[in-house]
Amino acid sequence: MSEVLLRDVSRAGHELGRRTVQDLPSRASIRTILEQAIRTEVAAYNADPGPVYVGFVQPEDAMRYSDGHRMRRPRTLDPDRFVQAALEAVAAGLLRFRLDDGVETDDLEHPVEVDAVSEVVAVLERPVVARDAPPG
């Protein structure tokens, strides 16, 4: 299995986060890379919930700080909601991707030769926020 660095940056180019996405096939879609990264981050947090979540998608009640997203209350996070928030951001034009060969895309099915690229950059127009489930 292969791995790739996924960095998220603001529209102005400021790095917001980075993670190595592991256990990928040698050819993977951007969707696969994004989902794997998000699910891994949520699983790591859920293993030991605390006041700070470090991840690509921001929990609804959190504020971004230099060490991650500070949450009002620690709780178990739903990885499906976090993935859905990222997919909706792509569909809304708020998130696009740049490969180190200069290709820029918002096509989640765009194939990535994981062993041939050093990184995938996720460019955010604004933070991607996962909404909590409505009560009831």
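Restricting attention to segment 40-54, does a residue exist that is under 17 Å from Glu125 (Cα atoms) and buried (at least 20 other Cβ atoms within 10 Å of the Cβ)?
The initial filter retains those residues of segment 40-54 that are under 17 Å from Glu125 (Cα atoms), namely none.
No - not one qualifying residue is present in segment 40-54.
Looking at (1) assigned to a loop (DSSP other than H, G, I, E, B); (2) under 18 Å from Gly13 (Cα atoms), find the lone condition where Asp132 falls short.
Here Asp132 meets the rest and fails (2).
When you scan segment 15-32, how many residues do you find that are over 15 Å from the mean Cα position of the chain (by Cα) and closer than 18 Å to Leu87 by Cα?
1
Only one of these conditions is not met by Gln22: (1) exposed (fewer than 14 other Cβ atoms within 10 Å of the Cβ); (2) within 22 Å of Asp106 (Cβ to Cβ). Which number is it?
(2)
Would you check which residues across segment 101-115 are over 20 Å from Asp23 (Cα atoms), in a loop (DSSP other than H, G, I, E, B) and not hydrophobic (A, V, I, L, M, F, W, C) and list them? Before the answer, list the steps.
Of the residues in segment 101-115, the ones over 20 Å from Asp23 (Cα atoms) are 101-107.
Those still in the list that are in a loop (DSSP other than H, G, I, E, B) too: 101-103, 106-107.
Hits for segment 101-115 are Asp101, Gly102, Asp106, Asp107.
Does segment 2-28 hold any residues that are of a type outside the set (A, V, I, L, M, F, W, C) and under 17 Å from Thr40 (Cα atoms), and which are they?
Within segment 2-28, the subset of a type outside the set (A, V, I, L, M, F, W, C) is 2-3, 7-8, 10-11, 13-15, 17-20, 22-23, 25-27.
Those that are of a type outside the set (A, V, I, L, M, F, W, C) and under 17 Å from Thr40 (Cα atoms): Ser2, Glu3, Arg7, Asp8, Gly17, Arg18, Arg19, Thr20, Gln22, Asp23, Pro25.
For Gly93, state whether it is surrounded by fewer than 13 Cβ atoms within 10 Å (Cβ to Cβ) and among the small types (Gly, Ala, Ser).
Working: surrounded by fewer than 13 Cβ atoms within 10 Å (Cβ to Cβ): yes; among the small types (Gly, Ala, Ser): yes.
Yes: the conditions hold for Gly93.
Kindly indicate which of Glu125, Glu113 is within 19 Å of Leu34 (Cα to Cα), within 14 Å of the chain's Cα centre (by Cα), loosely packed, with under 15 Cβ neighbours inside 10 Å and touching a residue at least 60 places away in the same chain (Cβ under 8 Å). Break it down stepwise before answering.
Working: Glu113 fails: within 14 Å of the chain's Cα centre (by Cα).
Result of the check over Glu125, Glu113: Glu125.
Here's a check for you: in segment 59-90, which residue that is charged (D, E, K, R) and closer than 16 Å to Leu124 by Cβ is surrounded by the fewest Cβ atoms within 10 Å (Cβ to Cβ)? Full working, then the answer.
Of segment 59-90, the ones charged (D, E, K, R) are 60-61, 64, 67, 70, 72-73, 75, 78, 80-81, 88.
Next, only the ones that are closer than 16 Å to Leu124 by Cβ stay: 64, 88.
Working: Arg64: 12, Glu88: 14.
Among them, the one singled out is Arg64.
Any read-out appearing in this document is the output of simple, stated calculations on the displayed coordinates, not a laboratory observation. The structure displayed is predicted, hence computed values, not measured ones. No Cβ is skipped: glycine too gets one built from the backbone with ideal geometry, and neighbour counts run over all protein chains shown.
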